[in-house]
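See structure below.
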Amino acid sequence: MTQERFNELMTNYLTELAAKDPSTWSADARTWAESNGYIKGDGKGHTMYKKFMTREEMIQVLYRIMNDK
C-alpha cells in the first residue's frame, strides 16, 4: 500500500466517522458544553463529535472553560 492510498483511506474513514451521530450516553455533557459555549463546532453547524480532537482543538476547549468562554 502506498502512502497516498493510506492517506486516502484514512481521510475517507475520518470523514465518515465525523459524520456519525454522537452516542446517547454523552447527551447531558454535550448539552452542557454547547449551551455554555465550550464546544462550538466548525462554524458551519457541525460539532463532529465522532472526529478525533487535535491538541490545538483541545487546548481551545480548555481555554474556554478556564476563562469561562
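Please identify the pairs in which a residue from the stretch 1-17 that is on the phi < 0 side of the Ramachandran plot has its Cβ atom under 8 Å from the Cβ atom of a residue that is surrounded by 10 or more Cβ atoms within 10 Å (Cβ to Cβ) and of a type outside the set (A, V, I, L, M), counting only partners at least 6 apart or on another chain.
Pairs that qualify, where the first residue is on the phi < 0 side of the Ramachandran plot and the partner is surrounded by 10 or more Cβ atoms within 10 Å (Cβ to Cβ) and of a type outside the set (A, V, I, L, M), are Leu14/Lys51; Leu17/Lys50; Leu17/Lys51.
What tally of residues in the stretch 58-69 results from selecting those that are at pLDDT 85 or above and outside any helix (DSSP H, G or I)? Give the steps one after another, and end with the answer.
Within the stretch 58-69, the first condition is being at pLDDT 85 or above, and the residues that meet it are 58-67.
Then drop every residue that is not outside any helix (DSSP H, G or I), which leaves 67.
Selection size over the stretch 58-69: 1.
Within the stretch 8-25, does at least one residue satisfy the condition of being of a type in the set (Ser, Thr, Tyr), within 19 Å of Tyr63 (Cα to Cα) and modelled with pLDDT of 90 or more? Walk me through it before giving the result.
Filtering the stretch 8-25 down to residues of a type in the set (Ser, Thr, Tyr) leaves 11, 13, 15, 23-24.
In the following step, the residues that additionally are within 19 Å of Tyr63 (Cα to Cα) were identified as none.
No - not one qualifying residue is present in the stretch 8-25.
Give the stretch 49-69 a look and list any residue that's closer than 20 Å to Ser23 by Cα and over 11 Å from the mean Cα position of the chain (by Cα), or say none.
Selection gives nothing.
For the stretch 29-57, what are the residues that are open to solvent by less than 90 Å² (accessible area, probe 1.4 Å), part of a loop (DSSP other than H, G, I, E, B) and of a type outside the set (A, V, I, L, M, F, W, C)?
Correct list: Asn36, Gly37, Tyr38, Gly41, Asp42, Gly43, Gly45, Thr47, Tyr49, Lys50, Lys51, Thr54.
The values are calculated or read from the model by the stated rules, or taken from the named source; none is laboratory data. None of these values were measured; they are calculated from a predicted model. Positions of Cβ are generated from backbone atoms using ideal geometry, with glycine treated the same way; all protein chains shown enter the neighbour counts. Heads up: the accessible areas ignore ligands, DNA and RNA and are worked out on the full protein's heavy atoms, side chains in. Shrake-Rupley method; radii C 1.70, N 1.55, O 1.52, S 1.80 Å.
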